[in-house]
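The structure under discussion appears below in the form of structure tokens.
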Amino acid sequence: GGGEGARKVAAAPRKNGGEWYGTHRAVPQAGGETAHADAALRRRRQKPPKPPPPPGTSDYGLVAHAAFGPPGLHILDLLMFVLLLGIVVAYMDAVASFLSPTSFTTGRTWGDMLTAAMIIAPLSCVPDMGYLSKFSASGIAAVGATFAVIFWHGLSSCGLDGFGMVTWDDLWPSGGWYRGLSSWFGVAVFGYGIVPIAYNVRDGMREPEKMGTATSSALLLVWIAYIIIGDGVAILYRPLTGPEGFAGDVLRELPSGWMPDAVRIAMTFVVVVSAPLLVVPCAQLTEGKLGLDSPSEDKTTATKALHVLVRFAITLMGASIAILVPGFVNVLSFVGACSVALVSFVLPPLLHLALLRRRAIEALRRSGGATRRSADEAGRGGTTEGEEGSVFETDEETMKELERFGSDRSGDSAASERERAGYAVAAALAEDEYWKYLWVDGPLLLFGTLATGVASWLTFWQMFETAGGGR
């Protein structure tokens, strides 16, 4: 709620505003209050403008920067770093789980993870990642073959007996009502987490205006696939797993043999060639903070060496965390409950409300203490374009209101008063919009904050308790 709205509000250049007025009726009146407001506005104009976002900032980052300046961008980058690194950790856990029953294992969980890291790190240093995406795309066939083997083994071992063992209790996540629900929340948020990449997907579409329709259709297909594959496999294997379900990944339920081992090796290959696609953006965030994000043609030998060092460090960091906290499902649940939930449920309504508030502040600053009454007395005029980069360029309703109080740019005082009065009306409209969206964004922000906090805390401790019990 508010992600696309936040982008529209943030589409204009970022400027400092003033203070927030509770309602438009609090716009300073004529006389002493107006003089006091003018003095306060002049003081606010003396504040230095916020520095622009660095080149290459993502669209989500631009929205965060427009709402809260550099601190907002840094917080978002940190959340994205944790998200990407968390997925790398989960991938390392998956590699160890896939290899452990095969003859390709080193015999140690940490050995399998470090071996995978020594392959992933060099792959993350190549200048062109295009060929890796081709390998990653070919992994779809491997995933399809994997689930074909899983269904075949389930049917041959258990038949359809599992469908007669399903009860109403199976509709609730196992592991206790609060822990089970928090783990389910983390996995579900991760599985449907479109928000962190929504702007990237939209920018890559031929018809971006159809983003809403495309997202709805894609999520519907994902939901159907989860039901058929996830629930179908769980029900098939119910006679083997019992009411608690799978203890780890489903591949652990496959017997030894050349076909199950081939499936495990294929999935390991898919994970290894996909992991660099996560390590690279994680490294780019780090390099940007370190000032190492210069164009490739301008990079010196020392800079290139630092890039390699950063990528190796991030890969080894992911492997080290995975060694300390084994368990693919637990890590994935924590990443979903913490990073993905924050980026999906907390930041969009927060950024939207912050940008609406900032719009009202900017309009108040430009109004210079004008009021609705003086706006109505100013009458109709020409069309006001405002100064270049006005925050109202993308707000059709506000622009229509401003057109009623236009300026011919002749510099006369009457035109100036009309323009200031127009901005006063714009400020009131912006504030009305703020309070209107508060009833939507407010509950979502409250739910997101509570759900994310509780689920993150529970999945965090569950992750470490499971790791401690496994050692």
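None of the figures in this text is laboratory data; all of them are computed from the coordinates on show. Predicted, not measured: the structure shown is a model, and the values here were computed from it. Cβ placement follows ideal geometry from the backbone for every residue including glycine, while neighbour counts extend to all protein chains displayed.
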Inset, instruction - Along Cα→Cβ, 7 Å out, is where each label goes; now give me the distance between the ones at Ile224 and Thr466 in nm to one decimal. - result: 3.1
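Taking a quarter of the surface of the Cα convex hull of the stretch 302-346, what do you get in nm²? Before the final figure, lay out the partial values.
On the way: hull surface 17.1 nm².
Its Cα hull, projected and averaged over all orientations, spans 4.3 nm².
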Legend entry - Nearest-0.05 FRET efficiency for Tyr192 and Ser320, computed from C-beta distance (R0 25 Å): 0.25
Inset, instruction - Treat each spin label as a single point 7 Å out from the Cα along the C-beta direction, and report the Trp172 to Arg206 distance in nm. - result: 5.0
Inset, instruction - Quickly work out the Ala145-to-Ser216 label distance, labels modelled 7 Å from Cα along the C-beta direction, and quote it in nm with one decimal. - result: 3.9
Inset, instruction - Provide the packing ranking of 348-356, 284-292, i.e. peptides ordered by the mean count of other C-beta atoms within 10 Å per residue, highest first. - result: 348-356, 284-292
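What does the highest-first list of 146-156, 202-212 look like by mean Cβ count within 10 Å?
Result, highest mean first: 146-156, 202-212.
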Inset, instruction - Apply the Karplus parameterisation 6.51 cos²θ - 1.76 cosθ + 1.60, with θ equal to phi minus 60°, to every residue of the stretch 57-64 and state each ³J(HN,Hα) to the nearest whole Hz, in sequence, with x for glycine and proline. - result: 5, 5, 4, 4, x, 5, 5, 5
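If r is the Cβ-Cβ distance from Phe104 to Leu446 and R0 is 45 Å, what FRET efficiency results, to the nearest 0.05?
After rounding to 0.05, the efficiency reads 0.35.
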Legend entry - Equivalent ellipsoid semi-axes, the stretch 231-287, via Cα gyration tensor eigenvalues times 5, rooted, Å: 32, 17, 8
Inset, instruction - Beta carbons within 10 angstrom, averaged per residue: use that to sort the peptides 334-343, 161-170, highest first. - result: 334-343, 161-170
Legend entry - Cα Rg, Dmax, the stretch 134-229, angstrom units: 17.8, 49
Inset, instruction - Please report the Cα spread of the stretch 48-103 along all three principal axes, rounded to whole Å, starting with the longest. - result: 63, 17, 13
